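Taking it in order: structure first as structure tokens, then the write-up.
Throughout, read-outs are computed from the coordinates displayed, never taken from laboratory work. As the structure is a prediction and not an experimental result, all values here were calculated from the model. Positions of Cβ are generated from backbone atoms using ideal geometry, with glycine treated the same way; all protein chains shown enter the neighbour counts.
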Amino acid sequence: MKGFLDHRIVKATICYVCMVCLVASMLASILSIWEVLGDAALHKWLSTLAVVFFGSLFFLGLNLVFGSMTQSVYPPESAGSPFGDRMKRAKEFRARL
């Protein structure tokens, strides 16, 4: 898959952000069980983490959408890419047959 930004970096960053959000929400839940956090603080903490979690997943989806849109404008078989060179040679080979 190709995104607007480098998809490997985006996926890795979002994976870490989601992992931190999940760990922090588990920590908030544990602190709530032990009655260290009040109800208001717990709700604010979990709401903030949920917004960051789902916002980063939404960003991942947008990156894929804009990446596919740019591929339709700039085809991936550009002359400078190794994949484009292979595709060009394959077309030439088929033309000779």
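Tell me the label-point distance for the pair Met19, Arg94, using the 7 Å Cα-to-Cβ offset, in nm and rounded to one decimal.
Rounded to a tenth, the inter-label distance reads 4.2 nm.
Got a sec? Which residues in the range 45-64 would a label at Leu27 touch, if it sits 7 Å along Cα→Cβ and we count backbone N under 16 Å?
45-50, 52-53
Testing the spin-label approximation: label points 7 Å from Cα along Cα→Cβ at Trp34 and Thr48. State their distance in nm.
1.9 nm
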